[in-house]
Structures are given as C-alpha cells and as structure tokens.
1. Take the alpha carbon atoms of the stretch 111-126, find their center, do the same for the stretch 142-161, and report the distance between the two centers in whole angstrom.
2. What are the DSSP H helices in the chain that stretch 30 Å or more along their long axis, judged by alpha-carbon atoms, and whose average Kyte-Doolittle hydropathy comes to at least -0.5?
3. Would you mind working out the accessible area per residue for the stretch 102-244, using a 1.4 Å probe, and quoting it in Å²?
4. Among all the lysines, which ones have a C-alpha under 24 Å from Lys209's C-alpha, if same-chain residues fewer than 8 places away are not counted?
5. Let me see the pair-distance distribution of the stretch 2-143: every alpha carbon pair, 5 Å bin width, integer percents in order.
6. Name the most mobile residue of Gly52, Gly146, Gly154, meaning the one with the largest mean-square fluctuation, in a Gaussian network model of the chain with Cα contacts below 10 Å.
7. Round to a whole number: what % of the accessible area of the chain belongs to carbon and sulfur, probe 1.4 Å?
8. Could you list, in their original order, any pairs among Lys127/Lys179; Lys133/Lys170; Lys83/Lys179; Lys83/Lys109 whose Cα atoms are separated by more than 24 Å?
Amino acid sequence: MSRLLDKVAVVTGGGSGIGAATCRLFANQGAKLLVTDIDLAAAQTIADQIKGQGGEAVAMHHDVSSESGWISVMSCAQQTFGKVNILVNNAGVCVQQDLISTSLQDWRKTMGVNLDGAFIGVREAIKSMLANKESGSIINIASVNGLSSGGIEGCASYCASKAGLRLLTKSAALECGRKGYPIRVNAICPGGVNTAMNQMLSKEELAAKEKCHPVGRMAEPVDIANSILFLASEESSFVTGADFIVDGGVTAGFVSGDYPEMSAGGASE
Ligand code: NAD
C-alpha cells in the first residue's frame with residue numbers, strides 16, 4: 001500500500017489502457033495523481049474512480065505534442081500537489097500505413113506525440129524535479145517495436161518513434177547521472193497489450209499476435225503497470241538508462257508457427 005507514499009505522479013494518456021491501469025495502481029500505493037489525456041472525459045473518469053476509493057487525483061486535458069500544454073501540466077502539479085516526483089510518458093499513437101503511402105504530415109503526427117511529446121515531458125519534468133530537491137523517476141513507454149520492427153508491418157513511423165524514445169531515455173539518464181541530478185530515466189518496452197491500440201485487429205490477427213508471445217497470451221494493462229510501478233519506486237534506485245523489456249518472451253526468439261520449420265537435415269531456406 002505504500003510503495004509510492006506521498007509521491008506525486010503525472011501520467012500522460014492516463015484515461016485508457018496502460019495509462020489508466022498505472023494511475024489506479026499508483027493510487028493504491030499512496031501516490032497523488034495528475035491524470036492527463038487528450039480525452040479529458042476519459043482522464044476524468046479515472047481520476048473520479050481514484051477519488052471514489054479515497055485517493056487523490058486531478059484530471060487535465062493535455063495534448064502531449066503541445067509545449068505550452070506541458071508547461072500548464074507541470075504548473076498544475078506544482079500548484080495542486082506542491083511537487084512532481086514521477087512522470088510516466090505513456091501517451092502514444094500507432095498509425096498503420098504502408099511506408100510509400102505515408103505522408104510527411106502522418107509521419108510528423110506520430111513523431112509529434114510519441115517522440116516530441118516525450119522529449120518536452122522529460123525536459124519539463126527534470127526542471128520541476130530539480131526544483132523539488134527530491135528524487136525523481138521518469139518512465140518512458142517505448143515498445144518491443146523500438147527494438148525490432150518484427151511482428152508488425154506498415155508501422156515505420158511507430159517503430160522509428162519508439163526506437164528514438166529508447167535513445168532519448170538513455171541520453172537523459174546519462175545527463176541526469178553525470179550532472180548529479182537525483183533523477184532516474186528508464187524505458188519500458190512492452191510486447192502486445194490488450195488495449196484500444198489493438199482493437200483494429202481482426203480476430204484472426206489477434207489470435208496470431210497472441211500466439212507469437214511464448215507465454216501464449218498478450219499482456220493485460222496491469223502487467224505493464226506493475227513494471228512501471230517498480231521503476232517509479234525506490235526499489236529500482238540503481239536502475240537508470242535501462243530498456244525494461246516486458247514482452248511475454250516475444251523477443252527471446254521464434255516460436256513454432258512464426259518461422260519455417262527446420263527439416264531434420266538442416267535449414268529449410
Ligand atoms: P490506448 O490507446 O489504450 O491509450 C493511449 C492513450 O493516449 C489514450 O487515452 C489516448 O487518448 C491518449 N493519447 C493519444 N494521443 C494523445 C496526445 N496527443 N496527447 C495526450 N494523450 C494522447 O493504448 P495503450 O496500449 O494503453 O498505449 C499506451 C502506450 O503503450 C503507448 O505509448 C503505446 O505506444 C505503448 N505500447 C502499447 C502496446 C500495445 O500493444 N497496446 C505495446 C507496446 C507499447
């Protein structure tokens with residue numbers, strides 16, 4: 001109940017999926033929440049649920065690709081709760097599109113949310129955390145598709161944005177460490193998660209996606225939230241600049257059905 005006692009957390013995209021599960025879990029562990037989302041009604045629902053269970057939460061409309069939006073978020077956290085200890089850069093979009101059909105505008109939309117948004121968030125959170133003089137933890141939600149584009153086709157902008165987010169994470173962790181800032185910065189790379197982001201998949205596509213996870217299923221949002229909680233808490237005090245892969249084994253190798261079977265005499269290729 002007290003792994004985040006008296007900590008103040010900002011969670012972007014907190015109205016749905018992984019973000020909503022993270023807000024609930026953090027609140028159960030004693031954190032005060034600023035739940036932000038471009039969908040204010042969704043963020044408000046989560047904040048109301050938390051307050052209904054005796055927690056502290058405020059919802060705020062926030063487009064992460066807006067620089068002025070981030071300044072308002074940090075100032076709201078400061079005014080409402082007096083500080084910021086944790087930022088979860090979770091808001092993200094995935095536009096499935098062949099590369100040759102992707103306009104520069106579409107590309108920039110993905111980058112604007114997944115990478116520019118995270119960059120502004122990291123920068124503004126570091127400034128706020130330094131002002132608090134308390135330790136801070138920033139968790140960026142990347143993806144196994146930032147490690148490899150295997151498993152999904154037609155998501156070049158998504159894969160590129162998540163790969164960029166991993167290196168933004170490492171650069172920020174290095175800079176904070178070397179400058180003596182008491183702030184850790186880590187990335188989580190989830191495999192497939194049962195959220196709205198996968199709702200466009202057909203039944204067959206969903207079954208195939210489940211099958212390529214060696215554990216035989218996709219993650220539930222709380223599976224990812226539990227890892228975010230570890231990185232947010234002091235239990236991970238020696239962890240910074242890490243890619244925390246939470247993928248049901250999907251990156252560990254191929255499983256039967258994903259790859260042409262080897263004949264007894266050798267490779268099938
Ligand atoms: P989701 O669609 O349930 O949640 C995404 C949330 O982000 C929504 O509440 C949405 O309103 C919000 N959002 C979208 N654009 C925004 C913007 N410009 N500003 C602020 N909020 C915005 O999806 P999810 O699966 O919970 O995704 C959360 C994160 O996890 C994303 O970064 C996603 O890329 C990452 N991820 C998801 C999966 C998966 O399989 N679902 C796998 C790996 C990584």
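The values are calculated or read from the model by the stated rules, or taken from the named source; none is laboratory data. Please read all numbers here as calculations on a predicted model, not as lab measurements. Note: ideal-geometry Cβ built from the backbone for every residue, glycine included; neighbour counts use all protein chains shown. Ligands, DNA and RNA are excluded from the accessible area calculation, which covers all protein heavy atoms including side chains. Shrake-Rupley method; radii C 1.70, N 1.55, O 1.52, S 1.80 Å.
1. 19 Å
2. Working: long enough: 156-178 (33 Å, 0.16).
Helices passing the filter in the chain: 156-178.
3. Values: 6680 Å² over 143 residues.
Solvent-accessible surface per residue comes out at 47 Å².
4. Lys162
5. Answer for the stretch 2-143: a P(r) of 2, 11, 21, 23, 19, 11, 6, 3, 2, 1, 0 percent.
6. Highest fluctuation among the options: Gly52.
7. Answer for the chain is 55 percent, counting heavy atoms of protein chains only.
8. Details: Lys127/Lys179 13 Å; Lys133/Lys170 22 Å; Lys83/Lys179 21 Å; Lys83/Lys109 31 Å.
Too far apart for the 24 Å limit: Lys83/Lys109.
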